[in-house]
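To start, the structure under review is shown below, and the notes come after it.
The values are calculated or read from the model by the stated rules, or taken from the named source; none is laboratory data. These figures come from a predicted structure and were not determined experimentally. Because the Cβ atoms are built from the backbone with ideal geometry, glycine has one as well, and the counts that use them run over all protein chains shown.
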Amino acid sequence: MNAPQTALRAKRSELDVARVRADFPILDLEVNGHPLVFLDNAASSQMPRQVIDRWVAYQTGEHANIHRAVHFLSETATAAYEAARLTMQRFLNAAEEREIVFTSGTTDAINLVMQGYGRKFIGAGDEIIITHLEHHSNIVPWQMLCEEKGATLRVVPINDRGELLLDDYRELFTARTKLVGVAHVSNALGTVNPLAEIIAEAHRHGVPVLVDGAQAAPHLKVDVRALDCDFYAFSGHKLCGPTGVGVLYGKAELLEKMQPYKGGGDMILSVTFEKTTYNVIPHKFEAGTPPIGQAITLAAAVDYLTAIGMDRIAAHESELLDYATAEVSRIPGVRIIGTAAQKAAVLSFVVDGVHPHDVGTVLNDEGVAVRTGHHCAQPVMQRFNVPATSRASFAFYNTLGEVDVLAAAMRKVQKIFS
């Protein structure tokens, strides 16, 4: 082991990974006779026992519909659900609880903004700026809106490292620019975008900014007031929480102006056949029965991560990425896709002469779980002229030893297909 590797391993003491791993029952699994090495965290992270226990506690002792009854279970569930909203406010450092809307995930949150803000304020001839790094969830809704309204989608290009070309971004603004949509972190490459600069430039032109934070919220400390973003969206299942729940932060003055995304119960104050009066924010965006148990459980996940410390999580994952980048770079015939100076814990790569799906299959035989494909970011794949990549994505419960297993499995891929 060389000196840099030794130094990286020595840093493990800053986070007691063994103690953290003990909280995750699924990490005890064996796959094909090997200990599970779970490196697909950008798709969905795993859930610690404390969060699982909170889900079970809700289902076995609190489950009821909310906001609609005076009986014990409903009042208990309502209190826990609204307490979860307060937890999300604190997690994002939002100014008010009413700026937090529960959704079914990041995709739903972006679509809420498209429907509620975009359809109301964006019209024929207007322009929307997105980037070449976006997940399909931050491309397709805006394409749909442009087709409906006669608006135009404009795209910020990237360089060969997978970084946004900010000079090009600045030149895209016109008097018709109405919205900027940008990923905080690229799910396909791990690029961390310079949000403060991006947002400040948009606001200089009076343009609001929606941030897709699905890949950032689990890994970085997010402060929406410091960023001064107008909307911020993330998903629970990437944050050690359950599927089926997400969060949209929106500045109160914008949420107030937006039209509801869905109509139904609980998003109204009164209904007659002649007229409906909508509820106050955030409730006017939460039609029907919301993801009650999921939101309460997500709050437990946020509490768990906060107790560990988002800065410590980011530091550990940075060490994992640095070590993995160094180890994978040593393997001849392997090319890393996405080499931005600022990256989150995502390592996307291709192996010469081997399709990514074959890479993933061999890694799975060794107990290593990675994601293969276009990662719902086909424009990124087209930019780098590859059909797909293999993507290893790390979480705070991963270890340097697991990186060694990944590297050894990749060498086995090359032996098999050589």
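General observations
- Total residues in the stretch 212-236, condition of a type in the set (A, V, I, L, M, F, W, C) and over 16 Å from F102 (Cα atoms): 7
- From the list V359, V405, V368, V302, the one residue that fits, being assigned by TED's automatic domain parsing to the domain that holds Q143 and either at negative phi or modelled with pLDDT under 95 (or both), is V302.
- Summed over the stretch 258-284, residues that are under 14 Å from V101 (Cβ atoms) and loosely packed, with under 13 Cβ neighbours inside 10 Å total 1.
- Failed criterion for A124 (all others in (1) surrounded by fewer than 17 Cβ atoms within 10 Å (Cβ to Cβ); (2) out of contact with any Gly (no Cβ under 6 Å at 6 or more places or on another chain); (3) not in a helix (DSSP H, G or I) hold): (2)
- Members of the stretch 217-236 that are under 13 Å from the mean Cα position of the chain (by Cα) and buried (at least 24 other Cβ atoms within 10 Å of the Cβ): A217, P218, H219, Y232, A233, F234, S235, G236
- Residue in the stretch 248-256 that is in contact with a Cys (Cβ under 9 Å, 6 or more places away or on another chain), modelled with pLDDT of 95 or more and within 30 Å of A188 (Cβ to Cβ) present: yes
- Elements of type strands (runs of 3 or more DSSP E) contained in the stretch 331-418, each with 1 or more residues being under 28 Å from Y304 (Cβ atoms): 346-351, 371-373, 389-393
- Taking the stretch 3-117 and the helices (runs of 4 or more DSSP H) fully enclosed by it, the elements with 3 or more residues that are surrounded by 14 or more Cβ atoms within 10 Å (Cβ to Cβ) and at pLDDT below 95 are at 3-10.
- Against the test of being on the phi < 0 side of the Ramachandran plot, under 17 Å from the mean Cα position of the chain (by Cα) and not hydrophobic (A, V, I, L, M, F, W, C), the options E171, E134 yield a single qualifying residue, E134.
- Looking across E317, E327, one residue alone is surrounded by 22 or more Cβ atoms within 10 Å (Cβ to Cβ) and either charged (D, E, K, R) or without any contact (Cβ under 8 Å) to a residue 40 or more places away in the chain (or both). It is E317.
- Cβ pairs under 6 Å, 6+ apart, first in the stretch 81-99 and under 25 Å from H63 (Cα atoms) and in contact (Cβ under 8 Å) with a residue 24 or more places away in the chain, second surrounded by fewer than 19 Cβ atoms within 10 Å (Cβ to Cβ) and acidic (D, E): R85/E97
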